[in-house]
Amino acid sequence: MPRLPFFPPDLFDGERDVVLETVRRVGLADDQRFILGERTAAFEEALRVNTGAADVVACGSGTAALMLVLRAMDIGPGDEVVVPAFGCAPLAASVVNVGAVPVFVDVHPWTMVVEPYEVEAAITARTAAIMPAHMFSVMADMPTMRELARRHDVRLIEDSAVAQGGVLRGLQAGRWGEAGVFSFVQVKTFGSIGEGGAVVTDDPEIGRLARMLRNHGQDGKNRFVHHLVGYNSRFDEIMADFQLHRLPGLAARLARRAEIADYYTERFAALGDRGVQAPPPGREGRCFYVYSLLADRRDELKRHLASRGVGSHVYYPAPLPAQPAFAPYARPGQYWPHAELACARTLALPLYPHLTDAQVEHIADAVCDFPGGP
């Protein structure tokens with residue numbers, strides 16, 4: 001069995017001709033429009049229809065999408081935003097970059113998504129927004145988050161960057177907050193050949209402002225008239241065209257990811273007494289971006305899998321408030337024990353749609369062969 005890398009180098013091997021043809025067509029088009037052209041508009045409309053949202057604004061990355069939403073909500077100096085202590089840097093960096101303060105709260109020890117009661121306890125008179133994030137293969141408890149935001153009169157931003165395609169109570173990820181975000185970096189569920197992201201919203205004012213902010217504060221009609229101090233977060237026409245090509249196949253790729261995850265979870269259900277815990281079973285509120293185990297002897301399991309030719313990956317070796325960049329924003333005397341435990345135990349397995357059944361079985365066998373005991 002050949003080595004199975006965690007990050008597959010061949011995600012787009014079957015579409016090389018499509019990529020080359022896309023570059024040729026866009027590059028030789030009469031209008032020579034390489035950003036924010038007709039293809040971007042068509043891609044935004046296709047995603048809008050796919051999600052059922054009122055508006056979709058394509059931009060430079062998922063991180064940029066978070067910043068556009070925060071700016072569109074006029075969140076900045078003097079404001080606090082409640083974010084998970086466990087997750088990727090943009091959760092905190094986007095808040096800091098608009099001049100606000102991230103307030104870190106702990107996560108659930110099994111699902112690794114933020115705990116609603118921790119969020120509520122962190123809300124103060126300075127709280128402008130709560131920003132839960134979906135994590136690995138589990139969506140956050142967005143119905144409760146929506147109720148918290150309503151009750152405390154704060155904004156609700158959904159970091160759904162990893163969760164495109166996830167569905168909770170019949171509503172897609174990205175649709176639960178006043179705005180959600182997607183990321184199109186290659187390993188995401190709707191990954192592409194470059195960097196990109198999108199704001200998803202039912203609020204026309206958020207959409208209008210995000211559209212201006214992504215393009216140096218211009219309104220898209222009058223060039224060199226800047227209504228706001230914005231950013232260069234414009235979407236690439238080649239990316240837009242390629243994603244339009246890939247969108248019809250997204251549902252099948254998501255289904256394959258879910259099928260692999262179901263198989264893993266079934267195989268790993270009995271490993272708890274060996275210190276290996278699978279994610280919660282089922283497909284409700286699941287997104288299947290990354291399949292991450294919790295292992296008491298995580299580093300040993302990682303070495304064991306490597307010896308069997310299986311790549312794995314450790315996400316987030318330290319909680320966000322323990323990172324040098326964000327430690328100054330951590331409240332003195334506060335602890336995030338579940339986030340720290342997740343950083344010590346989480347290990348992600350390969351989960352990409354072109355894995356064969358035999359490869360998936362080999363990965364599962366390798367995990368199940370890991371010896372138990374301390």
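The values are calculated or read from the model by the stated rules, or taken from the named source; none is laboratory data. Because the structure is predicted, anything quoted here is derived from the model rather than measured. Heads up, the Cβs are rebuilt from the backbone with ideal geometry, glycines too, and the neighbour counts pull from every protein chain shown. These accessible areas exclude ligands, DNA and RNA; they are computed on the full protein's heavy atoms, side chains included. Shrake-Rupley method; radii C 1.70, N 1.55, O 1.52, S 1.80 Å.
State, as an integer percentage, the relative contact order of region 226-374 based on alpha-carbon contacts under 8 Å between residues 6 or more apart.
So the answer I get is 29 percent.
For the chain, set up a Gaussian network in which alpha carbons nearer than 10 Å are linked by springs, and say which option among Tyr291, Tyr264, Tyr117 fluctuates the most.
Evaluated over the chain, the most mobile residue of the options is Tyr117.
For region 211-272, what is the accessible area per residue in Å² when the probe is 1.4 Å? Could the numbers behind the result be given before it?
On the way: 3140 Å² over 62 residues.
Per residue, region 211-272 has an accessible area of 51 Å².
Set the Förster radius R0 to 35 Å, insert the Cβ-Cβ distance between Leu28 and Ala327 as r into 1/(1 + (r/R0)^6), and round the FRET efficiency to 0.05.
E between Leu28 and Ala327, to the nearest 0.05, is 0.10.
Shape call for region 95-162 from the C-alpha gyration tensor, a ≥ b ≥ c root eigenvalues: rounded (a/c under 1.5), prolate (a/b greater than b/c) or oblate?
prolate
With an 8 Å cut-off on Cα pairs and a minimum separation of 6 or more residues, tell me the relative contact order of region 131-254 in percent.
Across region 131-254, relative contact order equals 16 percent.
Could you state the number of Å between the C-alpha centres of region 169-188 and region 130-144?
After rounding, the separation between the Cα centres reads 10 Å.
Explain nothing, just the number: dipole magnitude of region 44-188 about its Cα centre with +1 on each Lys and Arg Cβ and -1 on each Asp and Glu Cβ, in debye rounded to the nearest 20.
The calculation lands at about 220 debye.
Given the C-alpha atoms of region 163-205, compute the convex hull and give its volume per residue in Å³.
With only Cα atoms used, region 163-205 gives 62 Å³ per residue.
I need the calculated FRET efficiency for the pair Asn232 and Asp365, taking r as the beta carbon distance and R₀ as 41 Å, to the nearest 0.05.
0.30
Report the full-extension gain for the segment Ala42 to Leu11: residue separation times 0.36 nm, less the Cα-Cα distance, to one decimal in nm.
Fully extending the segment from Ala42 to Leu11 adds 8.8 nm.
Which residue, Pro317, Pro332, Pro281, has the most motion in a Gaussian network model of the chain that connects Cα atoms within less than 10 Å?
So, out of Pro317, Pro332, Pro281, the one fluctuating most is Pro332.
Per residue, how many Å² of accessible area does region 335-374 show with a 1.4 Å probe? Could you put the intermediate results ahead of the total?
Working: 1630 Å² over 40 residues.
For region 335-374, the solvent-accessible area averages 41 Å² per residue.
Given R₀ = 56 Å, what would the calculated FRET efficiency be for Phe224 paired with Thr356, taking r from the Cβ atoms and rounding to 0.05?
E between Phe224 and Thr356, to the nearest 0.05, is 0.55.
In region 25-83, carbon and sulfur make up what percent of the accessible area (probe 1.4 Å)? Numbers along the way, then the final one.
Values: 1190 of 2380 Å².
C and S fraction of accessible area: 50 percent.
Hey, what's region 99-154 come to in accessible area per residue, 1.4 Å probe, Å²?
Numbers: 2020 Å² over 56 residues.
Averaged over the residues of region 99-154, the accessible area is 36 Å².
Could you calculate the contour length gain from Ala251 to Ile35, that is, 0.36 nm times the residue separation minus the distance between their Cα atoms, to one decimal place in nm? Present the calculation step by step, with values, prior to reporting the outcome.
On the way: separation 216, 0.36 × 216 = 77.76 nm, distance 2.70 nm.
Difference between extended and current length: 75.1 nm.
Antiparallel DSSP bridges in the chain: what percent, to the nearest 5?
Numbers: 24 of 38 bridges.
If I count the DSSP bridges inside the chain, around 65 percent turn out antiparallel.
Classify region 134-289 as rounded, prolate or oblate from the Cα gyration tensor: take a ≥ b ≥ c as the square roots of its eigenvalues, call it rounded if a/c is under 1.5, otherwise prolate when a/b beats b/c and oblate if not. If you can, show how the numbers build up before the last one.
Numbers: a/c = 2.87, a/b = 1.62, b/c = 1.77.
The shape class here is oblate.
Which of Val225, Val26, Val290 moves the most in a Gaussian network model of the chain with Cα springs under 10 Å?
Val225
On the accessible surface of region 208-292, probed at 1.4 Å, how many percent belong to carbon and sulfur atoms?
Values: 2220 of 4070 Å².
The nonpolar share, carbon plus sulfur, comes to 54 percent.
Determine the relative contact order of the chain: mean sequence separation of Cα pairs under 8 Å and six or more apart, normalised by residue count, in whole percent.
21
May I ask you to list the GluC sites (Glu not before Pro) in region 282-374 that are in a DSSP loop and have at most 12 other Cβ atoms within 10 Å of their Cβ?
Glu284
Residues in region 243-262 near a label at Glu21, defined as backbone nitrogen under 14 Å from the 7 Å Cα→Cβ point?
Once the point is set 7 Å along Cα→Cβ of Glu21, 243-246 turn out to lie under 14 Å by backbone N, inside region 243-262.
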